[in-house]
Amino acid sequence: MLCDLHNHTYFSYDGMESPEKIVENAIANGVGVVGICDHQFTDGFDFNAYVSKMRAVRDSYNNRCSVKTGLEIGTRPKPDDFLAKSASKLLDYCLFESLDSEKGMDLYEFLEWRRLFSCPVGLAHTDIFALSERYGVDMLKIMREHELFWEINTSGNYTYYYDFLTNRTKQRAVKESGITLSVGSDTHQLYNFSLAKLTSANQLCAELGNPMLFGKEW
Ligand SMILES: [Zn+2]
């Protein structure tokens, strides 16, 4: 059973597919849990329209696939508190990006802000080992304490992914930390979707034995 919790649709400035296309592609590839997490910072992004469309899609594929509504939140600059205080109540999960970038939100400011979110919160395509070095902290410990899950992003755009696939030391540290994991293809167009990469990342999570976000349902 495969999970893919990172997909974009035409609600994102850089997404091309409809939510239905993303879900049908997931079903055709044996993905049991598919999450869509469009970019909140897209010009003209209509949060209510997005959520109601996603509810309709979830209901229409109810028996064939578990569809989750997420949001990918940019952290440069820090977004409006509406996302934390109101939007997060209507979402299944949020992913934060760019915390490992020099221009991203300060880690400690983020950890404070994170408390306002009522849905599961995770870090998208983030090199948490680089963050540990930058701040001189143990990010795995911080993530466990602050209930942050970690995404293994299989798009191929982020080098931490290739390192983690083969780095036994890092794999052992993640396993021992017990943090929750997720896997995301970061699909923006269907022709970028790679079933092979998605499968190997899901297999690695299963081998490590860490909990997977929404993995229990299957
Ligand atoms: Zn994304």
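Bear in mind that the values in this text are calculations on the coordinates, not laboratory data. This is a predicted model, so every value here is computed, not measured. Reconstructed Cβ throughout: ideal geometry from the backbone, glycine too, with neighbour counts over all protein chains shown.
Structure above, values below:
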| quantity | calculated |
| --- | --- |
| Percentage relative contact order, the chain, counting C-alpha pairs under 8 Å, at least six apart | 21 |
| Low-density loop cleavage sites - trypsin sites (Lys or Arg not before Pro) in the range 60-138, where at most 14 other Cβ are within 10 Å (DSSP) | ARG64, LYS103, ARG115 |
| Residues LEU107, LEU148 arranged by fewest to most Cβ contacts within 10 Å | LEU107, LEU148 |
| Förster radius 41 Å - calculated FRET efficiency between MET16 and VAL137, Cβ distance, rounded to 0.05 | 0.60 |
| Least to most buried among THR154, THR159, THR199 (fewest other Cβ within 10 Å first) | THR159, THR199, THR154 |
| Histogram of C-alpha separations across the range 2-208, 5 Å bin width, % | 1, 7, 16, 21, 21, 17, 11, 5, 1, 0 |
| Sorted by Cβ density within 10 Å, fewest first, the residues GLU147, GLU109 | GLU109, GLU147 |
| For the range 173-201 versus the range 105-124, the gap between their alpha-carbon centres in whole angstrom | 21 |
